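The values are calculated or read from the model by the stated rules, or taken from the named source; none is laboratory data. The structure presented is a predicted model; accordingly, all values stated were derived computationally and were not measured. Using ideal geometry, Cβ is built from the backbone for each residue, glycine included, and neighbour counts are taken over all protein chains shown.
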Amino acid sequence: MTTVSGVTPVTIESEVTRHVNVDVAVQGTDRACSAAVRLTKRPNVWTWALLVLVILGAAAIRLRLLDAPLDRDEGEYAYFGQLLLQGIPPYAQAYNFKMPGIYALYALMLAVLGETSAGIHLGLLGATSLTIVLLFLVATRLFEARVALVAAATFAVLALSPRFFFMAAYAEHFVLPPALAGVLVLLAAGDRRGVARFLASGVLFGTAFIVKQSGAAFALFAVLYVLTDTRYDARRRLAASGALVAGALAPFATVCLLMLQAGTFASFWFWTVTYASKYGTAMSLAAGKFHLGQALRWILPTSYLVAALAGLGLSALFWDAKARASRRFITLLLGTSLLATSAGLYFRPQYFILMLPVLGILAGVAVDAIARRLMAIQPTLRYGIPIALAVIPLIHLIYLERAMLFTDSPRRVLRTIYGVNPFPESVEIARYINERTSTDERIAVVGSEPQIYFYARRLAATGYIYTFALMEHQPYAVGMQRQMIYEIEAWNPRFVVFVNVYTSWIRTPHSDKTIFTWFDQYQRRFDRVGFVEIVSPEQTRYVWGAEAAVYTPRSDVWLAIFERKATTRETDESSGPERRAARDR
């Protein structure tokens with residue numbers, strides 16, 4: 001894995017340094033000097049221009065990779081979005097423990113930008129650009145403009161790091177805009193009487209929660225921030241926090257009502273609350289510590305300078321008077337961001353996306369504090385060293401990740417980040433199935449590759465588009481396997497894809513093997529018509545037709561495509577209505 005944005009930090013350095021050099025040369029009599037000084041005050045035209053360059057630089061890198069194939073999470077969200085566009089509510093014919101907000105956002109992106117990977121990644125570009133702007137606006141409420149600019153640039157570069165799976169439109173990216181908008185409204189609410197703005201802020205935090213459960217940590221930040229605000233008496237603090245909580249609950253209550261109306265509330269509640277609580281508490285502390293170590297070993301090799309700068313900013317909260325004035329805000333935001341990142345103690349790299357805004361703010365605080373110290377000690381250094389502090393860590397990260405950001409093909413980037421996961425191969429498998437089925441025929445993927453359903457534009461014969469839960473050591477696993485088997489047999493799909501990839505199952509010694517025993521028998525009703533073997537990260541072998549039926553793989557990473565036997569199709573199709581009636585009962 002590798003790097004991050006590109007032209008952004010370089011542009012910041014060159015633009016600011018140009019004005020600083022003129023400032024030093026002319027010493028306060030010319031226009032360039034005043035422009036450089038204004039960068040440390042409220043946002044002006046130069047600040048906004050640099051912010052635009054940051055956004056455009058990050059967007060340019062993303063545009064090059066718009067057509068990258070989807071990974072599993074994107075495939076899940078995209079398939080749920082397709083179902084929504086067809087009028088099928090979440091948790092009716094596809095199951096997972098995520099909240100439905102991300103599915104609604106994907107449906108919107110698919111409707112507006114097209115049902116393609118490029119449309120989804122354009123939506124990601126829009127979300128990250130909006131986050132950059134909102135982070136900048138939040139920071140300008142509390143700090144000088146240079147802090148906000150450094151925060152925005154730092155976030156932009158970190159969000160482009162392959163260590164955070166920069167090409168993938170994960171739910172975390174869509175949690176941040178409503179969360180930061182909530183922070184912005186919260187800060188404005190503190191300047192006015194009444195609770196209406198606190199209520200509005202709560203609604204935004206509640207919206208972040210229904211995009212993904214970890215968004216609730218930002219609502220917790222808001223409540224703690226209000227309750228610890230000693231500028232107001234206890235009555236005002238309680239009223240404001242009550243309005244925040246009421247607003248945060250409103251989106252979830254709305255979702256519950258919509259699920260009741262759609263007739264899927266029981267399924268929604270089981271997956272997002274009952275099962276999610278089991279999933280979120282299954283990890284032991286020792287295992288969580290192990291996963292955290294793995295995540296940090298994956299993330300830090302290219303971003304350790306940025307982390308060190310953020311650490312310097314954290315220390316400035318104790319030795320710099322101006323930074324200390326915002327210590328309550330930053331420490332609360334850092335603590336709750338850490339809580340969001342550590343949900344369930346799984347510490348997956350994309351979870352750390354939720355920490356990037358506060359890390360950006362801490363980097364800006366460090367640069368600002370050093371600039372003011374230098375101004376008091378050695379005024380001639382007050383520009384060059386802070387600019388170097390802000391820019392060098394970002395350029396360093398970009399340099400280390402330069403191949404993936406600027407030259408590697410989308411397929412090569414996917415292989416570098418995800419190894420031999422069958423994400424590029426899913427496109428070809430789905431195309432093969434799409435060309436040989438009608439829109440009313442169902443297919444089944446026995447494994448966790450929901451992107452195949454999205455690409456094939458065919459409905460699944462089972463709601464279990466992921467099979468991870470079936471392999472977990474949890475009380476519902478066996479029942480889930482039996483339900484998946486029953487649904488597939490009842491829908492009687494035309495094509496079945498079996499996935500022999502470890503990361504599509506994550507079997508453990510405790511996993512129940514019922515579904516594998518069943519499939520050994522079930523596949524006899526099918527002909528093997530396709531075989532996709534991932535020989536190495538660089539080579540995939542596709543075998544179709546009669547040759548696939550007798551093909552013997554050399555690799556243990558493969559997918560097999562099965563079609564119902566021609567001799568049984570007529571019988572199966574004639575009994576289809578009875579099967580579906582039995583299933584519906």
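Things worth noting here:
- Conditions (1) under 33 Å from the mean Cα position of the chain (by Cα); (2) over 19 Å from Tyr304 (Cβ atoms); (3) not aliphatic (A, V, I, L, M); number of the one not met by Glu401: (2)
- Test: residue in the stretch 69-83 that is within 19 Å of Glu172 (Cβ to Cβ) and either part of a loop (DSSP other than H, G, I, E, B) or modelled with pLDDT under 95 (or both): yes
- Only one of Gly182, Gly194 that is in the same structural domain as Ala388 (by TED's automatic domain parsing) and not in a helix (DSSP H, G or I): Gly194
Let's see how each residue does on (1) at pLDDT below 95; (2) out of contact with any Lys or Arg (no Cβ under 8 Å at 6 or more places or on another chain); (3) closer than 30 Å to Ala490 by Cα:
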| position | (1), (2), (3) |
| --- | --- |
| Leu389 | yes, yes, no |
| Ile392 | no, yes, no |
| Ile395 | no, yes, no |
| Ile398 | no, yes, no |
| Ala403 | no, yes, no |
| Arg411 | yes, yes, no |
| Gly447 | no, yes, yes |
| Gln451 | no, no, yes |
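- Some residue of the stretch 351-373 being small (Gly, Ala, Ser) and at pLDDT below 95: yes
- Matching entry among Gly75, Gly114 (being out of contact with any Ser or Thr (no Cβ under 7 Å at 6 or more places or on another chain) and in contact (Cβ under 8 Å) with a residue 24 or more places away in the chain): Gly75
- Residue list for the stretch 419-454, filter: without any contact (Cβ under 8 Å) to a residue 40 or more places away in the chain and either among the acidic types (Asp, Glu) or within 20 Å of Asp67 (Cβ to Cβ) (or both): Ala430, Arg431, Asn434, Glu435, Asp440
- The listed residues are Ile387, Ile370, and the only one of them that is touching a residue at least 60 places away in the same chain (Cβ under 8 Å), outside the structural domain of Leu559 (by TED's automatic domain parsing) and under 20 Å from Val150 (Cβ atoms) turns out to be Ile387.
- Filter pass, Gln451 being farther than 29 Å from Ile120 by Cβ and buried (at least 22 other Cβ atoms within 10 Å of the Cβ): no
- Test: Ala310 is of a type in the set (A, V, I, L, M, F, W, C), in contact with a Leu (Cβ under 6 Å, 6 or more places away or on another chain) and touching a residue at least 40 places away in the same chain (Cβ under 8 Å): yes
- Among the criteria (1) crowded, with 16+ Cβ neighbours inside 10 Å; (2) out of contact with any Pro (no Cβ under 8 Å at 6 or more places or on another chain); (3) farther than 24 Å from Thr552 by Cα, the one Arg494 does not fulfil is (3).
- When residues of the stretch 461-503 are limited to those that are among the β-branched types (Val, Ile, Thr) and out of contact with any Gly (no Cβ under 9 Å at 6 or more places or on another chain), the one nearest to Ile561 (Cα to Cα): Val496
Yes/no per residue for (1) among the charged types (D, E, K, R); (2) in a helix (DSSP H, G or I); (3) on the phi < 0 side of the Ramachandran plot:
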| site | (1), (2), (3) |
| --- | --- |
| Ile385 | no, yes, yes |
| His396 | no, yes, yes |
| Leu405 | no, yes, yes |
| Val413 | no, yes, yes |
| Asn421 | no, no, yes |
| Pro424 | no, yes, yes |
| Glu428 | yes, yes, yes |
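- Checking each residue in the stretch 467-514 for being assigned to a helix (DSSP H, G or I), under 26 Å from the mean Cα position of the chain (by Cα) and under 23 Å from Asn434 (Cβ atoms) picks out only Ser504.
- Looking across the stretch 191-233, the residues that are more than 24 Å from Tyr106 (Cα to Cα) and either touching a Lys or Arg at 6+ places or on another chain (Cβ under 8 Å) or touching a residue at least 60 places away in the same chain (Cβ under 8 Å) (or both) come down to Leu220, Phe221, Leu224, Tyr225, Val226, Leu227, Thr228, Asp229.
- Residue within the stretch 151-165 that is farther than 30 Å from Ala369 by Cβ and among the basic types (Lys, Arg) present: no
- In the stretch 315-337, the count of residues that are over 24 Å from Arg231 (Cα atoms) and among the aliphatic types (A, V, I, L, M) is zero.
- Restricting attention to the stretch 110-137, the residues that are surrounded by fewer than 22 Cβ atoms within 10 Å (Cβ to Cβ), of a type outside the set (A, V, I, L, M, F, W, C) and part of a helix (DSSP H, G or I) total 4.
- Residue count, the stretch 129-156 (criterion: out of contact with any Gly (no Cβ under 6 Å at 6 or more places or on another chain), polar (S, T, N, Q) and under 20 Å from Ile61 (Cβ atoms)): 2
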